[in-house]
Amino acid sequence: MAQFVKTDAGKRLTRLITNGYMDNIVKAQQGAFVVWIAIIVPAEIFAGFDNVIYCVPESHSALCAGKGVGVSLCEKAENLGYSMDLCSYARIDMGCHFNQGADSPAGGLPKPDLLVSNNNNCTLLAKWFDVYHREWDIPHFILDIPFCYQPQKQRDMEYIVSQFQDLIQTVEKLSGQKFNPEKMAQAWENSVEAAKHWRRFLAAAKNKPSGITAFDSFVQMAPTLTMRGTPELAEHYRFLADETEARVDQGIVPAPNEKYRLLWDNIAPWHQLRKMSSRLGALDANIIAASYTYCIGSLEGSLDPLEFASLSPLEGMARVQNFTICPHGLQLRGQAMKQAIEEMDIDGVVFASNRSCKVYSLMQMDQQRYVQEELGVPTVMIDVDHADERKYSEETAFVRLEALLESIDEARR
Amino acid sequence: MFFAGVDIGSTSTECVILNESGEIVAADMRPTGANSAKAAQAVLDSAVEKAGLDAPPHRIVATGYGRVSAPFAHKVVTEITCHARGVLHLFPQVRTIVDVGGQDSKVIRIGPKGNVIDFVMNDKCSAGSGRFLEVMARALEVELDDLGPLSEKSAEEISISSMCTVFAESEVISLVARAVPVEDIINGIHKSIVNRLASQMQRMNPEPDIVMTGGVAKNSGMVKKLSMAAGHTVLVPENPRMTGALGAALTAMGLERE
C-alpha cells in the first residue's frame, strides 16, 4: 500500500512556495511592477528587469483547490454572475480577487500592472484576463501562438520571437525600467538547467516499482510555473532528483507492492490528490506518470530532453511555447503517449475528462481508442474537474478505476 | 459448500446463492434504502434462510456501489466484471451488455474468450437511468411497471428534448397540460433514453448477442426500442436485476478454486 512520507524535497517545496508568494506581496508593496501571466508566457523575460515580478493565477487557483477552498471561491464568482460552466481556475481567481484575496491560503496575488496571456494553451484565458482588463483598467498583452500539429516551423518561431520583443518594449514603457538581455539569458540558463533535473526526477518512474507517483510530480511542478528562471528553481529540482534517486537506490518507493502501473492524462484533480492516491495505493495501483507533467522539459510529443544549444534565449523560449500538451494535435499527443507507455511499461491509462479544460479533454476519446486498439493497453475514462470538487464523484470515478484494474488482471490471465 | 454474491446497488440490493454445481439455490432482493450495510446484511440473511443453510456461505463476493459496505464479503469486485460474468453464464454467446440500473447506465463489450475488453458508463448525470424513468412515472401518475405496456399502445412518438431529469420532468408536465396522450409521452421518454444508450453503445461497436440487464430491462417498450436502435434483437434474462449478484456469486466460486 502506498505510504505518505514527507520527503525533504516535499518540505523544501512548502517553504519555497510560501516564500515565493510572500516575497511577491512584499515586493509589490515596495513598488515592484507586477505582471500576471498565463503559465506558458516566458517568465524569464521579466528577470531581465530590475524590479518586475510576475504572478501566475492558474497556479494560485490550483493551490487554492489543493488547500480546500476551491469550491467556496468558485461560489463567490458564481455569486457575481459568472457561469458554473466556466473553468474553475478562472472562477476561483475571480472569486478571490474580486473579494480582496478572500480565502486564499497565500493572501491572494498583488494587483497587476500588466496582464499577459496567450491563446494556444487555454481557450478561455484571454477572456478571463480581459475581465480584469475591463474591471481594473489594466493593459492586456495577448501572445498569438500558432497551434502545434507538428514541430514548430521557423516562420512561427520568428513570429513568436517578434511578439516577445514587443512584450519587452511594452514592459519597458509601462514600468519605466530598462531591459537587460544578459540577465534574461542567465534566467533562461537556469530554466534549462531546472528542466534537466526535472527529467531526472521523472525518470524514477521507470524503476520497478516506480520511485514516484504522478501525484508527487503534480505537486512538485508548482515552482516551474511560479519561479521559472530563478537559480532557486534549478537548485530545488537538483535536490529533488538527487533525493528521489537516492531513495530508489535504498529501495524506498511509494508503492512497494505495485501491481498496476498507470498513466494519467489531464490536469491533476487538485482537491483529490491524497484521497485518490491513498485509495489507489490500497489496491496496489500507482499512477506513476502523467502527460500533464512529463511534457515539461521536452517538446512537441517527444519525451527526450530539450536541446537548445543552437538557439538564442528568445528563440528557445519561443520553442517552449509548444511544451505542454494542450496546444498539441492528436498525432503529437499519441506519439508522446506511446513513448511514455513503452518507456515506463504502463499497464493502463486513466483518461480524466476534465470539465474545466476542454482543450485538454477534447481529443481524449480518439486518443483512448488509439491506445486501446493500436497499442493494446487497457484504458478508462473518468469525469473530473481540476479545481471544483462539486463536479467530481468519488464513487463514480472509483468504480471505473477498479474496473480498469480488473480488466488488467483479466488481460494477464 | 455454498457461494453468495451480493449486489448493493443505488436502488436495490440483490443476493444470489449457488451450490457447488453452480446452480442457484436461492435469490432475494430488497430496496437498498438509506443504509446499504443494513440492506446487504438483511438480503444475505434472507437468502441464506431461503436456501435453508445453517451456516453462512463459504465464500461471499460483494459488488455494486455499496460493495465496500459489506463487512462479511471475502472480496469486492466491480459491477462491470460481475455483470459480465453473470450474463456470460446465462448467455454464453453474449458480446455486448447494456445494463441500465438505478443511477447509471453502462455498455460492456465482451471478447471472444468471455473477458471484458472495454466498457463505457454514463457520466455524472443520471438522465437515461432507472431513476429518470421513476421520476417520469411519478410525474405521469403511472406505475413504473406499466410504462412498458402503455408505451406500446402509442400511436405517435413525442420528442422529449431535455436531457436533464429535472427539466424533462417539467417538459412532461407541460405535455400533460396540453392533453398529449400519456402513451405518446411515455413513448417519447423511452426514445430519449434509448437515444442516449444508443450513442453509448455505438462507441463500443456493438456486436450480437446483445443482452440488456438491470431493472429497466423489465420495461418491454425500452427493450423493443433498444433492439430497433441496435439493429439486433436485444435479449433479456428472466430476472435482469439479478445478473450482478449472480456474477458476484460465480466470482465467489472462482475464489475457492484459486
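Rule-based calculations on the coordinates, nothing more; no lab input. For clarity, every value in this text was computed on a predicted model and none was experimentally measured. Here the Cβ is made from the backbone with ideal geometry for all residues, glycine too, and neighbour counts use every protein chain on show.
Annotation: of all residues in the stretch A:51-109 being polar (S, T, N, Q) and part of a helix (DSSP H, G or I), the one that is nearest to A:His386 (Cα to Cα) is A:Ser88. Total residues in the stretch A:355-378 satisfying the condition of being within 12 Å of chain B (Cβ to nearest Cβ) and within 18 Å of the chain's Cα centre (by Cα): the figure is 2. Of the residues making up the stretch A:103-161, those that are of a type in the set (Gly, Ala, Ser) and either crowded, with 18+ Cβ neighbours inside 10 Å or within 21 Å of A:Cys295 (Cα to Cα) (or both) are A:Ser104, A:Ala106, A:Gly108, A:Ser117, A:Ala126. Condition check for B:Glu207 on (1) within 25 Å of B:Val120 (Cβ to Cβ); (2) without any contact (Cβ under 8 Å) to a residue 60 or more places away in the chain; (3) part of a loop (DSSP other than H, G, I, E, B): one failure, at (2).
The residues in the stretch B:120-147 that are surrounded by fewer than 16 Cβ atoms within 10 Å (Cβ to Cβ), part of a helix (DSSP H, G or I) and without any contact (Cβ under 8 Å) to a residue 12 or more places away in the chain can be counted, and the count is 2. Go through the residues of the stretch A:386-404 one by one and say whether even a single one is within 26 Å of the chain's Cα centre (by Cα), closer than 19 Å to A:His328 by Cβ and away from chain B (no Cβ under 11 Å). Yes, some residue in the stretch A:386-404 is within 26 Å of the chain's Cα centre (by Cα), closer than 19 Å to A:His328 by Cβ and away from chain B (no Cβ under 11 Å).
When you go through A:Pro105, A:Pro110 one by one, which is the residue that is touching a residue at least 40 places away in the same chain (Cβ under 8 Å), more than 15 Å from A:Glu58 (Cβ to Cβ) and out of contact with any Leu (no Cβ under 9 Å at 6 or more places or on another chain)? Give the steps one after another, and end with the answer.
Details: A:Pro105 fails: out of contact with any Leu (no Cβ under 9 Å at 6 or more places or on another chain).
When all the criteria are applied, what remains is A:Pro110.
Pairing each residue of the stretch A:155-179 that is more than 14 Å from A:Ile145 (Cα to Cα) with any residue that is among the basic types (Lys, Arg) and in a loop (DSSP other than H, G, I, E, B), provided the two are 6+ apart or on different chains, yields C-beta distances under 8 Å for A:Glu172/A:Lys178. Is it fair to say B:Ser170 is touching a strand residue (DSSP E or B) at 6+ places or on another chain (Cβ under 9 Å), assigned to a helix (DSSP H, G or I) and free of Cβ contacts under 8 Å to residues at least 40 places away in the same chain? So B:Ser170 does not fit the description; no. Among the residues making up the stretch B:62-103, those that are under 18 Å from the mean Cα position of the chain (by Cα) and among the β-branched types (Val, Ile, Thr) are B:Thr63, B:Val77, B:Thr78, B:Ile80, B:Thr81, B:Val87, B:Val94, B:Thr96, B:Ile97, B:Val98, B:Val100. Please find, among A:Asp103, A:Asp93, the residue that is on the phi > 0 side of the Ramachandran plot and in contact with a Ser or Thr (Cβ under 7 Å, 6 or more places away or on another chain). The match here is A:Asp103.
Residue-by-condition table, conditions (1) surrounded by 24 or more Cβ atoms within 10 Å (Cβ to Cβ); (2) at positive phi; (3) within 12 Å of chain A (Cβ to nearest Cβ):
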residue: B:Asp45; (1), (2), (3): no, no, no
residue: B:Lys50; (1), (2), (3): no, no, no
residue: B:Gly64; (1), (2), (3): yes, yes, yes
residue: B:Lys75; (1), (2), (3): no, no, yes
residue: B:Thr81; (1), (2), (3): yes, no, yes
residue: B:His89; (1), (2), (3): no, no, no
residue: B:Ile97; (1), (2), (3): yes, no, no
residue: B:Asn115; (1), (2), (3): no, no, yes
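Applying the set (1) away from chain B (no Cβ under 11 Å); (2) among the aliphatic types (A, V, I, L, M); (3) over 26 Å from A:Val69 (Cβ atoms); (4) assigned to a strand (DSSP E or B) to A:Met381 leaves exactly one unmet item: (1).
Against the criterion of being polar (S, T, N, Q), touching a residue at least 24 places away in the same chain (Cβ under 8 Å) and not in a helix (DSSP H, G or I), B:Ser192 does not qualify.
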